[in-house]
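Okay, so here's the structure we're looking at.
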Amino acid sequence: MRDHRRRRRPAALLVATALAFGTAACGSGSGSASSDDPNTLEVWTRSDPDSAATYDRVFAAFTKKTGIKIDYQPVINFDQQLQSRASTKDLPDVMINDTALMGSYQSQGLLKPIDPASITGGDQITDKSWSSTVGIDGKHYGVPYSRQAMTLMIRTDWLKKLGLEVPTTWQEMLSVAKAFATEDPDGDGKADTYGIVAPGSAQNGYAAWWSSSFLWQGGAKLIEPDGKGRYTPAMDSAAAVNTVTWMKDNLFCGEKGVLQPGAITAVTSTATNFQDGNAGMYMTGPYNITTFDGTLGKDKYEVVPAPAGPAGGDVLAEGENVYLGARTGKDKQERALAAFLVSPEGQKIAMTSVDGHQPVVRIPVNSTLDAAKVRDDARWGVVQKAYEDASQQFPNAPSFAPIKQDTADALNSIFTYCGGDVRSQLGELNDTLAGDLKDQDLLK
């Protein structure tokens, strides 16, 4: 078993920071642009300029409706900037960021608990979406805002040329991938096409992120909750061993061309083979639909459910929550903004693109809305059905970043060195995950 002291010292520092912040967070804060104006909310999102333009429209509509002003700050290096603000005991009023970060933020004392009943329209959000805002203590620490699920993007023009059908199982997907790699689906007479795009790098946890859908389809789990706020590592199970072995033998260490070249070191920004037109399948999120329509052309590919493994077709579900900074004095205004963001009006604005800007709500959390109808695009119905009926989320209550990163490191190593013993390597990963949970005092 590895030496866990590497994580315990940083964890202790986080606790100290959290306690120091928690003591001071009861005040109104200091130094922010909006701290002295009770009718202005400082709002942060993790956004590039393209998505920030959509948020501008959302917040302008909110201000027009309520009179509450928004000091909006799109932040790219979100977590670094947030920790800096936490160190000065002055958080933003409202933050919109990934669901998987909730456990980390909550454990540091950065978030205010929220009663779902206090959010107008909260009853139009499903229990599944609300579940991703529940902390270790059973309280809610966010309001669901946007959701998404992985689906398979596939070159239907290549399928037609080769006389193939959309795959519905792992084995069918593997057969199609081999055909895409060897039967010249683009008709240029060159061996320059590939089956499946995989961002398999360990960097930023990509190998775990992309592999998670396969793990769940194979019946595996990273960690298992006991229902009482504790967790057990589960990556040494027979299902995990069988799934990772299948991925290693058939994808990363299988026939040449099944995956794109360099898959083992690829991240999403470099795994561009699908949009570049030389790979036929990509399991990815719906945010890529706009990109692929513009680069590849919507007439060349389709969005379909993920092929099923031995345990079913579940895929990774992700999303973003609205978080309220751990400070008081603007509760009414914060709840008003949260209510607008999850209302049909707010969600529709955030789901639509103006001047080519990226929408910031993918699948609506408001259950009265149909993504396909709002966008007039049936493909979004496939994504919504995947989220509602066949998806799982990373556990949100623990601080999940170290768990995802350690899993990515292990999977990347397994997929890189094809001669290794998967069972023993996953046993080592299980010991590492036990250390991650112990560091957070969550190990059963």
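The values are calculated or read from the model by the stated rules, or taken from the named source; none is laboratory data. As the structure is a prediction and not an experimental result, all values here were calculated from the model. No Cβ is skipped: glycine too gets one built from the backbone with ideal geometry, and neighbour counts run over all protein chains shown. Accessible surface areas use protein heavy atoms only, side chains included; no ligands, DNA or RNA. Shrake-Rupley method; radii C 1.70, N 1.55, O 1.52, S 1.80 Å.
Worth a mention:
- Segment 303-386: relative contact order in percent, alpha carbon pairs under 8 Å with at least 6 residues between: 27
- Apportionment of accessible area to carbon and sulfur, segment 223-354, percent (1.4 Å): 50
- Computed from label points 7 Å out along Cα-Cβ, the spacing between residue 39 and residue 355 is 2.8 nm.
- The chain - mean residue ellipticity at 222 nm from DSSP helices (-39,500 (n - 2.57) per run, n ≥ 4, rounded to 500): -12500 deg cm²/dmol
- Eligible lysines near residue 332 by straight Cα distance, threshold 25 Å, same-chain separation 8 or greater: 64, 65, 69, 89, 112, 139, 348
- Proximal aspartates and glutamates to residue 444, defined as alpha-carbon separation beneath 15 angstrom and excluding residues fewer than eight positions away on the same chain: 224, 226, 431, 436
- Karplus-derived 3J(HN,Hα) values for segment 89-103, using 6.51 cos²θ - 1.76 cosθ + 1.60 with θ = phi - 60°, are 6, 8, 8, x, 5, 9, 10, 10, 7, 4, 5, 5, 8, 4, x Hz; glycine and proline are entered as x.
- Note on the chain: antiparallel DSSP beta bridges, both residues inside, total approximately 60 percent of the bridges counted.
- Shape call, segment 54-141: gyration tensor on alpha carbons, a/c limit 1.5: oblate
- For the chain, the membrane-span-like helix rule (DSSP H, alpha carbon extent of at least 15 Å along the helix axis, mean Kyte-Doolittle at least -0.5) picks out 5-24, 49-66, 170-182, 206-217, 331-342, 401-416; this says nothing about an actual membrane.
- Its relative contact order, with pairs defined as Cα atoms under 8 Å and 6+ residues apart, puts segment 233-345 at 10 percent.
- Low-density loop cleavage sites - GluC sites (Glu not before Pro) in segment 257-339, where at most 12 other Cβ are within 10 Å (DSSP): none
- Probe 1.4 Å, protein heavy atoms only - accessible area per residue of segment 33-77 in square angstrom: 48
- Normalising the average separation of contacting C-alpha pairs (under 8 angstrom, six or more residues apart) by the number of residues puts the relative contact order of the chain at 27 percent.
- Extension reserve of the residue 249-residue 377 stretch, reckoned as 0.36 nm per residue once the Cα distance is removed: 42.4 nm
- Difference of contour (0.36 nm per residue) and Cα-Cα distance, residue 128 to residue 443: 110.9 nm
- With viscosity 1.002 mPa s and temperature 20 °C, the Kirkwood radius over alpha carbon pairs of the chain converts through Stokes-Einstein to a diffusion coefficient of 94 µm²/s.
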